[in-house]
Amino acid sequence: MTDLATLLEVGGPLAALGGGAAYARAKHPGVYWSTVGLPLSTARLLSSYGSVMEACGLTVAPSRLRMLAVKATTRREVRPVPPRRGIIRPTSTGLRLRLRLAPGQEPADVAASAERLRHAWGVHAVYVSTIKPGVVELRLVGFDVLRRVRMPRKVGGGLLRVPVALREDATPFVRDYRTIPHQLTLGATLSGKSMYLRHLIAGLARQPVALVGIDCKRGVELAPFAARLSALATDPEQAAELLPVLVKEMEDRYDLIKARQGIAPDTPDEEITSDVWGLPESERPVPVVLFVDEVAELFLVATKKEEERRDEMVTQLIRLAQLGRAAGIYLEVCGQRFGAELGKGATMLRAQLTGRVCHRVNDEATAKMALGDIAPEAVAAACAIAPERPGLAVAGDTSGGWSRIRTPYLSLADAADICRASAHLVPKLPALQPFRPDAPVSPVEQPAPVAQPRPVTG
Ligand SMILES: Nc1ncnc2c1ncn2[C@@H]1O[C@H](COP(=O)(O)OP(=O)(O)OP(=O)(O)O)[C@@H](O)[C@H]1O
Ligand SMILES: [Mg+2]
């Protein structure tokens, strides 16, 4: 009987603790990591560092001096030397650790062992980045941060910089228009493209930037943000009127730069090397970001007459992509497919869009359209995205780097609220005034009269 009581006394709390840990691990992985995962993984790392490095082939033979010193002071056998380890820095999602590479090693050697290290230390993933020659940082991620995305508190915002998603190594993915002026976002239907746009609009809404939308889905995605938009086109006809105005705005800005530089006004635009950022702040025109959702709609034509309009629009888009950056005009293009089959100009426009984000796709060809010129592994990663995870995407840029990212959830109502609250930031751009959408009036409650009016009788 006493045995049973002891078993219950000891086993009960232990089972409750184990159950609680399992629950926290499944439902609140962040809490689990901070309380259980982090101490466990740190203990594993500290106790097994040398042997794991040796098993991964990351050790080097000890120097002669070291051999002599070890032999002279201890009776231990002389073991191979692992890379020198810096202090372990815990974070809310994992831990970081710097290693000084031994002579003859390169960062790729450590990166090749990342999968082995992750299993040895019981973490979700290990990423390796180079800090400076000879020093790499191991970023251990404790749990799948893309399952329920929470952006870190410290994110590098700023003018034309929007932390829009989280990378799988728990660092924020920042859409920076100054370094990557134009971007193409592809993905099948329901893959999360519009959510991505929504985050960008909500992020830029609070900045002194003009937002222009072309949403050929009759405006269902962008119209809720009307209060903050400087212009909105909801079908190809309106887009055909809006695009020449933007091109004219771009040309006016070039004239402004030329005037500032004292260059003759007939110099061709392409020869201007400076941009609007070189102008003094008081004269600098406000940056314009053009969002195009469902870009293929602009290319599809049924009649001969529409074909002319289409060709004009495509040419204008290409001009904006080619010359817009220096004039402070940036493109954010979204679509389900964007291949040569869309017709003349499609591949040329695509080539101008440096940034690439590919959400879930239905076929490899679409992933290749977005990421083919970046890296073959990025195409494979995009094809492996599951439909249960909308918003998950592979982001790359034409410099060859890529990573898995996911946007946090942001409801349309919340994004529209942000736009309404920042409606006063809509910059003055007279050229775009005719395209300014009617902002939906928010239902304001009628104030109840304090006293009922009574007819005056006398
Ligand atoms: N990061 C995310 N987290 C959770 N849910 C998401 C995320 N991104 C998108 N979703 C959900 O997935 C659904 C599809 O998203 P979205 O409308 O952005 O897709 P889309 O690619 O624009 O589709 P379409 O091509 O049909 O316009 C929406 O219900 C949205 O709420
Ligand atoms: Mg959409």
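Just a few scattered comments:
- Test: residue in region 9-16 that is at pLDDT below 75, closer than 30 Å to ARG150 by Cβ and over 37 Å from the mean Cα position of the chain (by Cα): yes
- Restricting ALA415, ALA421 to those that are within 16 Å of ligand 2 (Cβ to nearest atom) and modelled with pLDDT of 90 or more reduces the list to ALA415.
- Of the residues making up region 327-345, just one is of a type in the set (A, V, I, L, M) and either touching a Cys at 6+ places or on another chain (Cβ under 8 Å) or within 16 Å of ligand 2 (Cβ to nearest atom) (or both), namely VAL333.
- Leading residue by the ranking (nearest to ALA439 (Cα to Cα)) among those in region 209-247 that are surrounded by fewer than 18 Cβ atoms within 10 Å (Cβ to Cβ) and within 16 Å of ligand 2 (Cβ to nearest atom): VAL220
- Unique residue being more than 21 Å from ARG175 (Cα to Cα) and within 16 Å of ligand 1 (Cβ to nearest atom) when the list is VAL394, VAL357, VAL361, VAL333: VAL361
- Of all residues in region 190-214 being more than 14 Å from CYS419 (Cβ to Cβ) and more than 19 Å from the chain's Cα centre (by Cα), the one that is nearest to ligand 1 (Cβ to nearest atom): ILE214
- Residue within region 283-294 that is farther than 30 Å from LEU425 by Cα and either assigned by TED's automatic domain parsing to the domain that holds ILE201 or within 16 Å of ligand 2 (Cβ to nearest atom) (or both) present: no
- Condition met for ALA240 (aliphatic (A, V, I, L, M), outside any helix (DSSP H, G or I) and more than 24 Å from GLY157 (Cβ to Cβ)): no
- Checklist (1) at pLDDT below 95; (2) crowded, with 19+ Cβ neighbours inside 10 Å; (3) not in a helix (DSSP H, G or I) applied to SER194, failing item: (3)
- Taking residues in region 303-317 that are closer than 13 Å to PRO236 by Cα, and partners anywhere that are not in a helix (DSSP H, G or I) and not acidic (Asp, Glu), the pairs with Cβ atoms closer than 6 Å and at least 6 places apart or on different chains are GLU307/VAL301; ARG310/VAL301; VAL314/GLY345.
Here is a yes/no grid of residues against (1) free of Cβ contacts under 8 Å to residues at least 12 places away in the same chain; (2) in the same structural domain as PRO387 (by TED's automatic domain parsing); (3) within 16 Å of ligand 2 (Cβ to nearest atom):
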position	(1), (2), (3)
GLY134	no, no, no
ASP169	no, yes, no
ASP176	no, yes, no
ILE180	no, yes, no
LEU184	no, yes, yes
THR189	no, yes, yes
ARG198	no, yes, yes
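- Considering region 170-189, and only residues there that are within 13 Å of the chain's Cα centre (by Cα) and of a type in the set (Ser, Thr, Tyr), the residue that is nearest to VAL295 (Cα to Cα) turns out to be THR185.
The values are calculated or read from the model by the stated rules, or taken from the named source; none is laboratory data. Note that the structure is a prediction, hence the values are computed from the model and not measured. Note that we place each Cβ from the backbone using ideal geometry, even for glycine, and neighbour counts take in every protein chain shown.
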